[in-house]
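Working notes for the structure below.
All of the numbers you see were taken from the coordinates with simple rules; none came from a lab. Keep in mind that what you see is a predicted model, and the values were worked out from it rather than measured. No Cβ is skipped: glycine too gets one built from the backbone with ideal geometry, and neighbour counts run over all protein chains shown.
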Amino acid sequence: MLYSSPQDYLDCPHKAVTIFGMSGVGKTTVTEKLPKDRWFHYSVDYRIGTRYLGEEINDTLKRLAMADPTLARLLRADAIYIGSNIQIDNLAPLSTYVGKVGNPELGGLALAEFKRRQALHRQAEVQSLLDVPAFMAKAREIYGYPYTLIDSGGSLIEVIDLDDPRDPVVTALTQNTALVYIEASEDLLAEIVRRGIAEPKPMYFRSGFFDEALARYLAQEGLESPDQIVPNAFVSYVLAELVADRAPRYRRLAEQHGYIVTAAEIAQVRNEDDFNALVARAIARRPADHPNAQMPRAQDKMPV
């Protein structure tokens, strides 16, 4: 959804904004700045973990519990319940389920199982994004929320085809929401990589990127099998490349279909008025007659 002017957005009685960008640029944080009685927060990752992968996650936890004789006995007797307690601000069960490829004795997943979970995650992410219009309608019609903020998670760009004008996810989002890209500066991207290397976390990869990176890593380390990989070491190896691969494609999505704000600008948002004013400025910055024209980059000085 492209607004005709900043005022068009400010006057809109049913604002809907999809924020997207790298993990760590401030997507989830900014949602906390908006009044919860006016803005419905739709978290794609939360929807994935509760609706589409909830049973898979719980079954995985039960398999782990069944390895302990005491827990196995209690589960068989239906004396205890084991399940994830995933929350919008605590997605650890989903992250743990996605896992890391590598030596099972070091907490890694065998390659076939890792790829199976990656495929399931992709399906779940696509469906959760396609659910956005229905949830927007529910938020307005059932609960009376005038506005909706969609937190797309960190891997939106991996499940869409920028070259397909009929991509179903892009269509669903652009027809119903304003896409706002939170762009990180070069310094912030470096910090995101540094943090990720210090504390490697599971992540979703599109299959072609993963296969190429895995082959290079095995050759570089002289390993014969993915089962020999130290899981955290591979995540640390691939992270900078993944960030560098995603950044220009995120910008391209924004240039084609949305607006750009910087992570520095998002960090200064204190409340609803600040957020709306920032989106309005982003709309004003977009060249109206050249929708694919170059927009200011995160390291450039932005007008205030």
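Sum up the charges of everything whose Cβ sits under 12 Å from the Cβ of P226, counting Lys and Arg as +1 and Asp and Glu as -1, but leave P226 out.
Values: positive: K100, K115; negative: E113, D211, E221, E224, D227.
Summing Lys/Arg as +1 and Asp/Glu as -1 gives -3.
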Discussion item. Given a 10 angstrom Cα cut-off, can you work out which residue in R252, R285, R38 is the most mobile in a GNM of the chain?
Written reply: R38
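Stretch A79-E55 to full length: gain in nm at 0.36 nm per residue minus the Cα-Cα span? List each step's numbers first, then the result.
Values: separation 24, 0.36 × 24 = 8.64 nm, distance 1.93 nm.
Full extension of this stretch gives 6.7 nm more.
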Discussion item. Of the candidates Q87, Q118, Q175, which one comes out as most mobile in a Gaussian network treatment of the chain with C-alpha springs shorter than 10 Å?
Written reply: Q175
Item to complete: Any chance you could give the angle, 0 to 90 degrees and rounded to 10, that helix 207-221 forms with the longest Cα principal axis of the chain?
Response: 50
Worksheet item: What angle do you read, to the nearest 10 degrees and between 0 and 90, between the alpha-carbon axis of helix 54-66 and the longest principal axis of the chain?
Response: 30
Practice prompt. Check cross-link reach from K27 to the lysines: straight Cα distance under 16 Å, and skip same-chain residues fewer than eight apart.
Written response: K36
Discussion item. Pick from A247, A198, A190 the residue whose mean-square fluctuation is largest in a GNM of the chain, springs joining Cα atoms under 10 Å.
Written reply: A198
Worksheet entry | 222 nm mean residue ellipticity, helices alone, for the chain (DSSP H n ≥ 4; -39,500 (n - 2.57); rounded to 500) | -15500 deg cm²/dmol
Response to the item:
If each part is reduced to its alpha-carbon centroid, the range 45-112 and the range 237-267 end up apart, in Å, by 31
Worksheet, complete the sentence: re the range 1-116: pairs of Cα atoms spaced beyond 22 Å account for a percent value of 55
Worksheet item: Which of the aspartates and glutamates could a cross-linker bridge to K100, judged by Cα under 12 Å and excluding same-chain residues fewer than eight apart?
Response: E113, D227
Worksheet entry | P(r) histogram, all alpha-carbon pairs of the chain included - 20 Å bins from 0, percent | 31, 55, 14, 0
Worksheet item: By how many degrees, between 0 and 90 and to the nearest 10, does the Cα long axis of helix 186-198 differ from the longest principal axis of the chain?
Response: 20
